[in-house]
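First the structure, in the form of structure tokens, and then the observations on it.
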Amino acid sequence: MTNPKQNQINTYDAVVIGAGFSGLYMLHLLREAGFTTRVYEKGNGVGGAWYWSRYPGARCDSESIYYNFVFSEELYKEWSWSSRYPEQPEILRYLNFVADRLDLRRDIQFNTEVRSAHYDESINKWHIQLHDGTSISAKYLITGLGCLSVNATNVPNFKGLDQFEGKWYHTGAWPHEKVDLRGKRVGVIGTGSSGIQTIPVIAQEAAHLTVFQRTPQYSLPAGNHPYTTEFIQRTKDNFKEIARQMHESMGGQPGLASDRSALEDTPEQRQKVYEAAWEKGGAAMMFAYNDLLTNEEANETAANFIRSKIGEIVKDPSIAEKLMPTYHFATKRIVMDTNYFETYNRENVTLVDVKNAPIVEITPKGIRTTEEEYELDIIVFATGYDGMTGPLLKIDIRGKEGVSLKEKWDNGAQVNTYLGLATSGFPNMFMVTGPESPSVLGNVPVAIQQHVEWISDCINYLRENEIETMEANVEAEQNWSKHCSELADSTLYTKTDSWYTGANIPGKPRGFLIYLGGYAPYNQMIKDIAKNNYNGFTLTPHKGEIYLN
Ligand code: N01
């Protein structure tokens, strides 16, 4: 039987994929500017990652007063955060508040997956196919998929998972109803941000928790605390200054940068600086000195400090030793926790080092490593995502001459973008926080706002100047990609295996797809490019003349 929706075609100025921070703001700006815009969202509600990641203990690792939109003073002042690092339900409530306040839902289609987006050169339009067979066409295609998305969760291909008699869940696609852990034997695989947030909370409820750790982490105390009404009022009174500082900082959160090298200080001075940063909590430690990510010796001073803290917190020295990381501090995404290391002092928690004794298979009863079988009722995969390119490459996106993004990027081996916003061969397509933009190395909502505003200004410019298509130039994107790699190679980031480098996904080509030049300089650069009539892009007016920039 043919699906009646298959022949139905709707045309919009812009189609946006995803209704998280990116999609919501993109819809708002384009609609305000008078563009017909439609957002497609796989979930049954807004929120993106915050809609899906409902695992126990999920919370933000940027300070809440900076983890929001600052394009509207009114909106900022109408919302009050409860604490420094709020839990997932509160962030989801915030995004629902934004959607309601800006009346966004009427242009969002929920429970809808975009399966493909193909560019038709004969009419300069994108044809977008939805999971139910509906076809949509649009002049502009904007991906607001996030760098880590539910469509790119990583569940390692362990033998026997299908035979497991208990239940299993991935942290990034957690059930919406409460998972009852009482009296259960729970196993958590993975000790990245998700694992480290959920482990202390699961340990409090489960009968027994077994943590399967492959790489120990430099987790820092979040230093979470409730906000007072007076504090929140002060942030509202200082809205303009807060918004300015967010946009003008290197990572979207003001007040963190140091201008000193760790090696300028004596060991005693460093100890004091690190103690103060540890006490302050959050990301302070990462920014205690300005060379922790570029100088191995400097980095080692911070790494040693954290290892000594782990030794102090964890009572059993053999467990403490297993929990001490050896890679360069902060070269994997920094993790912030509440009572993570303390959790290993509990009697109902076992740490299994799967680097030494790898997982061999999932059995009907639990997990078997090379040394032992662990019986479990529930397995939690806190095993991360196919980040950066994964969310984009899961959709069949084809540009000119039918070439897919997958082919163009050689399945991830040759990712080229211009500024992380566009890629040659894919006219009128824009990526919010795409590969090779500053994206995840900071407070992401700020990176999102900078991109969304740039894209919206750009689409307005195209309309005002009667430009039909806009496409990144091959040379501009090759130079940009080279610049991104050179920057990455001048740091310690590329010396560590992580999801930043693609090393977490077996067979995924390596590459560091994040621009390391900082949010504020990047934002200035893309604004200058716009002012300069979008140099690095080819703009083709309606009449067919070509402006090469
Ligand atoms: O994923 P991860 P995540 N066998 O990739 C292990 C954001 N986030 O979901 O390090 C055994 O960091 C893997 O081990 P290893 C944040 O940006 C934000 O925790 O590869 N273990 C690692 O320990 C974060 O960085 C918030 O050796 C395996 C873990 O699984 C990003 O999401 C909250 C394995 C995966 O860690 C991803 O974090 C949560 C295997 N086969 C997340 N495969 C906020 O607060 C993987 N692992 C905003």
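The values are calculated or read from the model by the stated rules, or taken from the named source; none is laboratory data. All values reported here derive from a predicted model rather than from experimental measurement. With ideal geometry, Cβ positions are generated from the backbone for all residues, glycine too; neighbour counts draw on all protein chains shown. Heavy atoms of the whole protein, side chains included, go into the accessibility calculation; ligands, DNA and RNA do not. Shrake-Rupley method; radii C 1.70, N 1.55, O 1.52, S 1.80 Å.
Given the criteria of a type in the set (Asp, Glu) and over 21 Å from Gly311 (Cβ atoms), does Glu241 qualify? Criteria met by Glu241. Please tell me if Phe71 is more than 15 Å from the ligand (Cβ to nearest atom) and open to solvent by 20 Å² or more (accessible area, probe 1.4 Å). Yes: the conditions hold for Phe71.
Does Ser308 count as over 22 Å from Ala222 (Cα atoms) and part of a helix (DSSP H, G or I)? Answer is no for this residue. Between Asn465, Asn460, Asn428, the distinction of being more than 22 Å from Val16 (Cα to Cα) and at pLDDT 95 or above belongs to Asn465 only.
Tell me yes or no: at least one residue of segment 92-109 is more than 23 Å from Gly45 (Cβ to Cβ), more than 16 Å from the ligand (Cβ to nearest atom) and either in contact (Cβ under 8 Å) with a residue 12 or more places away in the chain or of a type in the set (Phe, Trp, Tyr) (or both). Within segment 92-109, none of the residues are more than 23 Å from Gly45 (Cβ to Cβ), more than 16 Å from the ligand (Cβ to nearest atom) and either in contact (Cβ under 8 Å) with a residue 12 or more places away in the chain or of a type in the set (Phe, Trp, Tyr) (or both). Here Glu375 fulfils each of the conditions (1) open to solvent by 40 Å² or more (accessible area, probe 1.4 Å); (2) within 29 Å of Gly518 (Cα to Cα); (3) of a type in the set (Asp, Glu) apart from (2). Each residue in segment 254-308 was checked for being of a type outside the set (Gly, Ala, Ser) and touching a Gly at 6+ places or on another chain (Cβ under 7 Å), and 1 pass. Looking only at residues of segment 344-359 that are in a strand (DSSP E or B) and within 11 Å of the ligand (Cβ to nearest atom), we find that the one that is least open to solvent (accessible area, probe 1.4 Å) is Val352. In segment 311-343, the qualifying residues are those that are more than 19 Å from Leu292 (Cβ to Cβ) and polar (S, T, N, Q), and the one that is farthest from the ligand (Cβ to nearest atom) is Ser318.
State which residue is farthest from the ligand (Cβ to nearest atom) when the search covers only segment 203-223 and only residues that are buried (at least 19 other Cβ atoms within 10 Å of the Cβ) and not in a strand (DSSP E or B). Within segment 203-223, the match that is farthest from the ligand (Cβ to nearest atom) is Ala203. Assessment of segment 461-479 against the conditions (under 20 Å from the mean Cα position of the chain (by Cα), farther than 21 Å from Met26 by Cα and open to solvent by 60 Å² or more (accessible area, probe 1.4 Å)) yields no matching residue. Of all the numbered requirements in (1) open to solvent by 40 Å² or more (accessible area, probe 1.4 Å); (2) in a loop (DSSP other than H, G, I, E, B), Pro254 misses one, and that requirement is (1). Among the residues making up segment 435-460, a single one is within 24 Å of Phe35 (Cα to Cα), within 22 Å of the chain's Cα centre (by Cα) and open to solvent by 30 Å² or more (accessible area, probe 1.4 Å): Glu453. Is it fair to say Val415 is open to solvent by less than 10 Å² (accessible area, probe 1.4 Å) and either in contact with a helix residue (DSSP H, G or I) (Cβ under 9 Å, 6 or more places away or on another chain) or within 16 Å of the ligand (Cβ to nearest atom) (or both)? Considered against the rule, which asks whether it is open to solvent by less than 10 Å² (accessible area, probe 1.4 Å) and either in contact with a helix residue (DSSP H, G or I) (Cβ under 9 Å, 6 or more places away or on another chain) or within 16 Å of the ligand (Cβ to nearest atom) (or both), Val415 comes out as no. Screening segment 495-532 for residues that are assigned to a loop (DSSP other than H, G, I, E, B) and away from the ligand (no atom under 14 Å from the Cβ) and picking the one that is surrounded by the most Cβ atoms within 10 Å (Cβ to Cβ) gives Tyr515. If you go through segment 209-259 and keep only what is under 21 Å from the mean Cα position of the chain (by Cα) and among the hydroxyl-bearing types (Ser, Thr, Tyr), you end up with Thr215, Tyr218, Ser219, Ser249. Looking across segment 482-494, the residues that are open to solvent by 10 Å² or more (accessible area, probe 1.4 Å) and not charged (D, E, K, R) come down to His483, Ser485, Leu487, Ser490, Thr491, Tyr493, Thr494. Quick one: in segment 110-124, which of the residues that are in contact (Cβ under 8 Å) with a residue 60 or more places away in the chain and over 21 Å from Ser22 (Cα atoms) is surrounded by the fewest Cβ atoms within 10 Å (Cβ to Cβ)? Within segment 110-124, the match that is surrounded by the fewest Cβ atoms within 10 Å (Cβ to Cβ) is Glu121.
The set of residues in segment 333-343 that are in contact with a Phe, Trp or Tyr (Cβ under 9 Å, 6 or more places away or on another chain) and either open to solvent by 40 Å² or more (accessible area, probe 1.4 Å) or more than 19 Å from Asp497 (Cβ to Cβ) (or both) comprises Arg333, Met336, Thr338.
Of the residues making up segment 138-160, just one is more than 16 Å from the ligand (Cβ to nearest atom) and among the charged types (D, E, K, R), namely Lys139. Got at least one residue in segment 59-67 being more than 22 Å from Met246 (Cα to Cα), within 19 Å of the chain's Cα centre (by Cα) and crowded, with 16+ Cβ neighbours inside 10 Å? Checking segment 59-67: not a single residue is more than 22 Å from Met246 (Cα to Cα), within 19 Å of the chain's Cα centre (by Cα) and crowded, with 16+ Cβ neighbours inside 10 Å. Here segment 378-388 is the region considered, the condition is being within 15 Å of the ligand (Cβ to nearest atom) and within 13 Å of Val211 (Cα to Cα), and the residue that is most open to solvent (accessible area, probe 1.4 Å) is Thr383. Restricting the first member to segment 39-53 and to residues that are assigned by TED's automatic domain parsing to the domain that holds Glu87 and more than 11 Å from the ligand (Cβ to nearest atom), and the second to residues that are open to solvent by 10 Å² or more (accessible area, probe 1.4 Å) and basic (Lys, Arg), the beta-carbon pairs closer than 8 Å and six or more apart or on different chains are Val46/Arg105.
Could you tell me whether any residue of segment 162-181 is assigned to a strand (DSSP E or B), farther than 27 Å from Gly502 by Cα and within 16 Å of the ligand (Cβ to nearest atom)? Among the residues of segment 162-181, not one is assigned to a strand (DSSP E or B), farther than 27 Å from Gly502 by Cα and within 16 Å of the ligand (Cβ to nearest atom), which makes the answer no. Those helices (runs of 4 or more DSSP H) of segment 3-97 that lie entirely within it include none in which at least 3 residues are at positive phi and of a type outside the set (Phe, Trp, Tyr).
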